[in-house]
Amino acid sequence: MPRPPASLPDFWATRAGAPLASAGIVEAVLDGLDRGALHPGDVLPSSRVLAAGLGVARNTVVAAYDTLAAMGITTAVPGSGTRIAPGTDRFAHALHAAPAPRRAATAPSDPRVVSLEPGVPDVALIDERRWRRSWRHATALAPTASAAPHVAALQEALAVHLRRRRAVRAAPEDLRLFPGVNPALTAIAGHVGGPIAVETPGYRRAFDAFRATGREVLGVPVDAEGLLVARLPRRRCLVYTTPAHQYPTGVRLSMERRLALVDWARATGSVIVEDDYDGEFSYDVAPLPALQTLAPDHVVYLGTASKALSPQLRLAWAAIPPVLRGLPHAGHGSSAGVDGTAASMLAHFLTSGAWDAHVARAARTYGARRAAVRRALARHLPDALVLGADAGLHLTVDLGSETALAAAVAALGRNDYRVSTLAGHALTDGDVADTAMLLSYALIPETRADAIIALMRS
């Protein structure tokens, strides 16, 4: 025997007095289906009646009903009003059973080991309701034979977002999308001739991507002010740099070096790839301007959703200079290309304000965790040199000797914590002294910081 319809007046009465936007009405219906307060076959109030009961404009309810119909949640029955469609309770259960991705802090080979290596944000900080809402928006769009409309929507959203948050000047048509940073680096390197200069220590996956092109890869050292521009070759080349928070040392490229770098690029006709992998997070200091704002004709600005939001999106973007306008979206039109649904999801996440809200919340949390880790380091390892505290999600902790580093890494390992070392990110073995470790605080709760750091002195 079928279940009787839910009491709709009671259901909507709980929402009266707190006006909802159309997205909130859609969310309320889906939540009601998931909880069992609404059932397939229930009749929804007329748009006029519901608008009056909720204290919202009728157009708000009409827009919500249109969205529900487009999602297949409701059907219009002549003479019987709008009803919840069959099977939609299972659909709602499935949506709510697929929350925002959970933190992946363990090594696949040993579930006991907690990684304190850089590169993994705390995805538990994502607002699941906003995350699901953006995915519902993307999946409710009409099917298309090409990813082009989804890509165009994200280009428009990113152009506004980058100009507002990072002062990056790029028209939508000058933004390229890629299914990750490495495909972007490979594609860019394929369009720029000459050798490739990289920071050392630096991003090992970038080393691998560039070496795979068969081109000459040159290492350029960094110091407390970032890339040593004076060590760059006096000829045209591609330079890969992480100026906002050098990976892995964490230092910021000084303004003097930024100006020197763009002057060098203009003099040699070179192209700079500026990887702003975690530039959304800055603490205690004002963020320095992106290199792209200083030399838009010579800089490729590279960004990603991986560090600010979630690596699962597998989306990266590049604001390209005129010389690279022939660069296509990586894999566009093939199975290896940009996922159209993910692109539409991120576009909605950006334009709805969800990204800004997430970054603000995450920055407060990461800032508190960073402060707790720094206090613990000052207490237990007062002689350690700490770099990279101004931005990003990790610190570099130099313990002063190979012996001290080895002891600290071993002590952490005995307690099931894994870290990486600075020397492990050198382009060539022996380039970097083996005295420092990289310590991500993204996944260290404030209440655990002191106990974890205390292990390093044992």
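The values are calculated or read from the model by the stated rules, or taken from the named source; none is laboratory data. Just so it is clear, the model here is predicted, and its values are computed rather than measured. Cβ sites come from the backbone with ideal geometry, for glycine too, and all protein chains shown count toward neighbours. Keep in mind that these areas ignore ligands, DNA and RNA; they rest on the heavy atoms of the full protein, side chains included. Shrake-Rupley method; radii C 1.70, N 1.55, O 1.52, S 1.80 Å.
General observations
- Filtered by the rule that a residue be over 14 Å from residue 449 (Cα atoms), in contact with a Ser or Thr (Cβ under 9 Å, 6 or more places away or on another chain) and open to solvent by less than 30 Å² (accessible area, probe 1.4 Å), the stretch 364-388 gives a lone residue, 388.
- If only residues of the stretch 398-418 that are in contact with a Leu (Cβ under 7 Å, 6 or more places away or on another chain) and open to solvent by 60 Å² or more (accessible area, probe 1.4 Å) are counted, the one that is nearest to residue 116 (Cα to Cα) is 418.
- The stretch 334-356, subset of a type in the set (Gly, Ala, Ser) and part of a helix (DSSP H, G or I), residue farthest from residue 148 (Cα to Cα): 354
- Take the conditions (1) farther than 23 Å from residue 355 by Cα; (2) open to solvent by 20 Å² or more (accessible area, probe 1.4 Å); residue 164 misses just one of them, which is (1).
- Here 239, 251 are screened, and the one residue that is among the aliphatic types (A, V, I, L, M) and touching a Gly at 6+ places or on another chain (Cβ under 7 Å) is 251.
- Selection within the stretch 143-158 - touching a residue at least 60 places away in the same chain (Cβ under 8 Å), open to solvent by 30 Å² or more (accessible area, probe 1.4 Å) and part of a loop (DSSP other than H, G, I, E, B): 144, 146
- If you go through the stretch 213-255 and keep only what is in contact (Cβ under 8 Å) with a residue 24 or more places away in the chain, over 24 Å from residue 422 (Cβ atoms) and surrounded by fewer than 21 Cβ atoms within 10 Å (Cβ to Cβ), you end up with 213, 215, 233, 234, 235, 236, 255.
- Within the stretch 272-310, if we keep just the residues that are in a strand (DSSP E or B) and of a type in the set (Ser, Thr, Tyr), the residue that is most open to solvent (accessible area, probe 1.4 Å) turns out to be 282.
- The one condition from (1) in contact with a strand residue (DSSP E or B) (Cβ under 6 Å, 6 or more places away or on another chain); (2) open to solvent by 20 Å² or more (accessible area, probe 1.4 Å); (3) assigned to a helix (DSSP H, G or I) that residue 135 does not meet is (1).
- Going through (1) more than 28 Å from residue 279 (Cβ to Cβ); (2) under 24 Å from the mean Cα position of the chain (by Cα) one by one, residue 382 falls short only on (2).
- For the stretch 277-302, a residue qualifies if it is touching a helix residue (DSSP H, G or I) at 6+ places or on another chain (Cβ under 7 Å) and in contact (Cβ under 8 Å) with a residue 60 or more places away in the chain, and the qualifying residues are 279, 280, 281, 283, 290, 300, 301, 302.
- Qualifying residue in the stretch 4-26 (condition: open to solvent by less than 50 Å² (accessible area, probe 1.4 Å) and modelled with pLDDT of 80 or more): yes
- Residue list for the stretch 31-46, restricted to those being surrounded by 20 or more Cβ atoms within 10 Å (Cβ to Cβ), of a type outside the set (Asp, Glu) and more than 38 Å from the chain's Cα centre (by Cα): 44
- Qualifying residue in the stretch 249-261 (condition: in a loop (DSSP other than H, G, I, E, B) and among the aliphatic types (A, V, I, L, M)): yes
- Single residue of the stretch 205-225 satisfying the filter (among the acidic types (Asp, Glu) and assigned to a loop (DSSP other than H, G, I, E, B)) that is farthest from residue 242 (Cα to Cα): 216
- Note on the stretch 386-423: residues that are closer than 19 Å to residue 246 by Cβ and either free of Cβ contacts under 8 Å to residues at least 40 places away in the same chain or in the same structural domain as residue 226 (by the TED database) (or both) total 3.
- Scanning the stretch 311-325 for residues that are surrounded by fewer than 21 Cβ atoms within 10 Å (Cβ to Cβ) and under 15 Å from the mean Cα position of the chain (by Cα) turns up 311, 312, 313, 314.
- Residue in the stretch 357-377 that is more than 23 Å from residue 121 (Cα to Cα), not charged (D, E, K, R) and not in a strand (DSSP E or B) present: no
- Applying the condition of being over 15 Å from residue 384 (Cα atoms) and β-branched (Val, Ile, Thr) to the stretch 434-454 and asking which residue is surrounded by the fewest Cβ atoms within 10 Å (Cβ to Cβ) yields 447.
- Being over 23 Å from residue 316 (Cβ atoms) and not in a helix (DSSP H, G or I) is a description that applies to residue 236.
- Any hit, the stretch 292-315, residues being aromatic (Phe, Trp, Tyr) and under 26 Å from residue 265 (Cβ atoms): yes
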